[in-house]
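The numbers here are math on the coordinates, done by the rules we state, and not lab data. Since the model is a prediction, treat every value here as computed from it, not as a measurement. Please note: Cβ atoms are built from the backbone with ideal geometry, for glycine as well, and neighbour counts cover all protein chains shown.
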Amino acid sequence: MKNLSYLLKAIGIHFGNTDVEISRVVFDSRLASNETLFIAIKGSNSDGHNYLMQVKDQGCKYAIVEQIVNVDIQQFVVDDTRKALAILACTWFGHPSKELTLVGITGTNGKQRQQHYCTPCSQTLVINRVSYQP
């Protein structure tokens, strides 16, 4: 469980009385319940803002939205709910990407040769290797 004010501060919202515990952050309206924070995402086929009444009826009390909807649920407005969801996911899980080491090999010539030379080093240092080869 995470504190709502802690999550809101991560996306730049400093709001008064938000000292409540949130059990999950969801963007699927079917998963919204009493202790969840719902993120209204606009998609190509559906708009999460259209489901605010449904999530309210399921007990959800808090939503992150791009525009206020006439539903009796506490709504926090952001410019981009997709970006807010990404930031909230990182915050919820303790910013796991901060623990990653990333090495990229770029250029016009010699990438495969460099990868060949770097692979034994990364295996010795116990670095997981992900490669993309079209």
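Residue-wise HN-Hα couplings along segment 75-82, as the Karplus relation 6.51 cos²θ - 1.76 cosθ + 1.60 with θ = phi - 60° gives them from phi, are 10, 10, 8, 10, 6, 9, 6, 5 Hz; Gly and Pro carry x.
Around the amide H of ILE22, modelled in the peptide plane, lie the amide H atoms of LYS2, ASN3, LEU4, all under 5 Å away and 5 or more residues distant in sequence or on another chain. For the chain, adding -39500 (n - 2.57) for each run of n ≥ 4 DSSP H residues and dividing by the number of residues yields -8500 deg cm²/dmol at 222 nm. Using θ = phi - 60° in the Karplus curve 6.51 cos²θ - 1.76 cosθ + 1.60, the 3J(HN,Hα) couplings for segment 4-14 round to 4, 5, 4, 5, 5, 4, 5, 9, x, 10, 10 Hz; x is entered for Gly and Pro.
Taking a cut-off of 24 Å, what percent of all Cα-Cα pairs in the chain are separated by more than that? Every Cα pair in the chain considered, those over 24 Å come to 44 percent. If only the Cβ of Lys and Arg carry +1 and only the Cβ of Asp and Glu carry -1, the dipole of the chain around its Cα centre is close to 660 debye.
Working note: Debye formula, equal point scatterers on the alpha-carbon atoms of segment 1-75, no solvent; log10 I(q)/I(0) at q = 0.15, 0.17, 0.25 Å⁻¹ is -0.45, -0.58, -1.22. With θ taken as phi - 60° and the Karplus curve 6.51 cos²θ - 1.76 cosθ + 1.60 applied, the whole-hertz 3J(HN,Hα) list for segment 84-96 is 4, 4, 4, 5, 5, 5, 4, 5, 4, 9, x, 6, x Hz, x standing for glycine and proline.
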